[in-house]
1. Exactly one condition in (1) open to solvent by less than 30 Å² (accessible area, probe 1.4 Å); (2) among the hydrophobic types (A, V, I, L, M, F, W, C); (3) not in a loop (DSSP other than H, G, I, E, B) is false for Ala164; which is it?
2. Asp683 - would you say it is surrounded by fewer than 17 Cβ atoms within 10 Å (Cβ to Cβ) and over 25 Å from Ala271 (Cβ atoms)?
3. Any chance the stretch 347-360 includes a residue that's over 23 Å from Ala285 (Cα atoms), surrounded by 13 or more Cβ atoms within 10 Å (Cβ to Cβ) and not acidic (Asp, Glu)?
4. Determine whether Ala447 is closer than 30 Å to Glu705 by Cβ and assigned to a helix (DSSP H, G or I).
5. Being at pLDDT 95 or above and either under 30 Å from Ala712 (Cα atoms) or not acidic (Asp, Glu) (or both) narrows it down to one residue among Pro254, Pro207; which is it?
6. Being in contact with a helix residue (DSSP H, G or I) (Cβ under 9 Å, 6 or more places away or on another chain), touching a residue at least 40 places away in the same chain (Cβ under 8 Å) and surrounded by fewer than 19 Cβ atoms within 10 Å (Cβ to Cβ) narrows it down to one residue among Glu220, Glu204; which is it?
7. I'm told Pro373 meets every condition in (1) open to solvent by 50 Å² or more (accessible area, probe 1.4 Å); (2) farther than 30 Å from Val301 by Cα except one. Can you identify the failing condition by its number?
8. State yes or no: is Trp678 in contact with a Phe, Trp or Tyr (Cβ under 7 Å, 6 or more places away or on another chain), open to solvent by 40 Å² or more (accessible area, probe 1.4 Å) and at pLDDT 90 or above?
Amino acid sequence: MSIGLSEEHRALAASVRGLAGRGADHPALAAQGLLGLHLPERCGGQGYGLLELCVALEALAERRTGGPYLASVVASAVLARSGGHDDVVAGLADGSRTAAVALRPAGGPAAVALRPAGGPAGGVRRPAGGATGGTLHQAAEAAGGPLRPTGEGFSVLALGAAGADHFLVPVGDGSWALLGREAVTATPADGVDLDRSLCTVTLERPPAAEAVLRDAPVREIAAVLLGADACGVAAWAVATAAEYAKVREQFGRPIGQFQAVKHRVAAALVALEQARAAVWDAARALDGPTLDDETRLAVAVAGVLGPDAGVRCAADAIQVLGGIGYTFEHDAHRYYRRALSDRMLAGDPGPWAEEVTGLAVAGVRRAMEPDLPEEAAAVRDAVRAEAESLRAEEPEARQARFAREGWIMPYLPKPWGRGASPLEQVIIHQEFRGLKRPNLGIGAWAAPSIVAYGIAEQRERFLPKTFTREIVWCQLFSEPGAGSDLAGLTTRAARVEGGWSITGQKIWTSLAQYAHWGICLARTSPDRPKHDGITYFLVDMSSPGVTVRPLKEINGDEIFNEVFLDDVFVPDDLVVGEVDQGWRVARDTLSHERVALGDSWGPGSQHTDMAGLIARLPALGQARREQAGRLWAEGQAISALGLRVTLSKLSGGDAGAAASVRKLLGMRHSQAISEFCWSLAPDDPHWSRMILTTRAFTIGGGTTEVQLNIIAERALGLPRDP
């Protein structure tokens, strides 16, 4: 997956990669219309938006395309949004003009020779806490008021060449000035990036009024476009590290088979997908008509996650490459340099995180709803009518209709579901908000497998009562010696007259003490290796020989259980699928388990709950505000990942690694939220409980380590463990 999701976006990215791979320079990019991709047609643009520009930027960064491209499109995007200056925008679009954009003080906030309005001349104080990575406007706020140029001049560091035709320069009061080359003194500046120019810009006199842009979203647009560039760097880094890990051998096998390397590369992909989701959502928001608080929140989240991911992934690629990655001849250092430059120009993630916290605690929320096609209207009318009819029912009758009419798992085929398409599923989810559909627990994982692999008699016997919750299920998969490694299970099923006799021990079986039936894996052909010779059974938990012993967890609950099976008889008609082919059925069950857990992990441990807690507490210090903002950014990115998965399904595409990444992030996120909130309120009973409860989240449904293996092997093609 890349930033773009649609077929058109994928085609655009492929085209741009091809162009960049042929060494296209600035005039060639202009000739292909890429400099004006996001601009209105009246200015010679293509009439698309910042999202399409981000798609192109990511693809160009994968090939490390340099030159004035990024600075020019930042400037043109700002000018097009601010209005006016159409001649300049047209020149930037056709490549006849270039721009430089000043994004931070030269030498850090303390070096800026500016004067607070009405105050003494002199340097700007550092922000509280000694931070030096903020933008010029943040330095202004630390100085105590809006800033204006002094007669001595001031210097800012700009993305772009000293010989650019136009310069966007901050001039205080949140305003920027568009200035020609003759109005500034620009000198080349050294930077770590070897493919893009930086310059130091000095403004000696106040700009003319007509040159000033009021409330221009330079900082916001630059952060998102630099984030897209960082995603391209990260994509190259992840792909390069994965390919090298497949072929580089140490100790007689590929290094990608070593879990330490495998997990490092998989974790880099997680960081990349999270950053893509954040940048994608921010670009969509900025393409809206106004720069409202919701858009600012989306942009700030991208500022926290986007450029940081480029640095992290590029550094990890050098680590995987080893010594060769540290040589000047290998391209890895050039991508690392590019990522460092992106993050420096976008602004330190810390101040962005503080901004996230301020907006979130003030009640700002980012809606994550898909844009649906025109045909959705007719579907919505029909679903809404059904939802209203259900709301009018008494609770008991409503629950019966949920089960009878297929609303509980609408994607299942009729009569068990409604055979709903992805579009219908989204609309049902939206229209049924407030209508509490029953939680089937393990039944939500068992039912699809029985539908797919069970015989007609099994479906008729078990599914109706599962949907009405007359049958409660448990899962008899994990064993003391084979937790996530189900291929290592030792529970045996021996052939007897009329069926099978099952003997063995299961563990970590949720709610087994309440379950009527269990889905059980047992080895029916012990001479076959690994996943072969396993059969999928339905076990009556009231059968003779079944013993359930609850296990007390660290929070005092008794949800998990040991289950002992001692010559438990299971008739032939309770085998699901073919004998010895139970692993196929189990994989179907596990796929539903991981999707379900990804949706539901972390009750009471969400970023929105954190914001509510912070709002009730005294003001946090800077470090805590930054930490809270990073956690909120991660939570919002997880929501964006969920929306991206939905949109991919709606368009008939493959969500790629996004679903697995969302599951992994969700597990860790709930833990991090609980730990942070408990540290703020250790006497709060809720958070005292949640910090203990969430310890299970990175274990159940596949541990973090197993999830990283899945991502590394299935999404990146790294070699499996021997």
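1. Failing condition for Ala164: (3).
2. Yes: the conditions hold for Asp683.
3. no
4. Numbers: closer than 30 Å to Glu705 by Cβ: yes; assigned to a helix (DSSP H, G or I): yes.
Yes; evaluated as a whole, the condition is true for this residue.
5. Pro254
6. Glu204
7. It is condition (2) that Pro373 fails.
8. Working: in contact with a Phe, Trp or Tyr (Cβ under 7 Å, 6 or more places away or on another chain): yes; open to solvent by 40 Å² or more (accessible area, probe 1.4 Å): yes; at pLDDT 90 or above: yes.
Against the criterion (in contact with a Phe, Trp or Tyr (Cβ under 7 Å, 6 or more places away or on another chain), open to solvent by 40 Å² or more (accessible area, probe 1.4 Å) and at pLDDT 90 or above), Trp678 qualifies.
The values are calculated or read from the model by the stated rules, or taken from the named source; none is laboratory data. Model, not experiment: these values are computed from the prediction. Glycine gets a Cβ as well: all are built from the backbone with ideal geometry, and neighbour counts include every protein chain shown. Side chains are part of the model used for accessible areas, which takes the heavy atoms of the whole protein and leaves out ligands, DNA and RNA. Shrake-Rupley method; radii C 1.70, N 1.55, O 1.52, S 1.80 Å.
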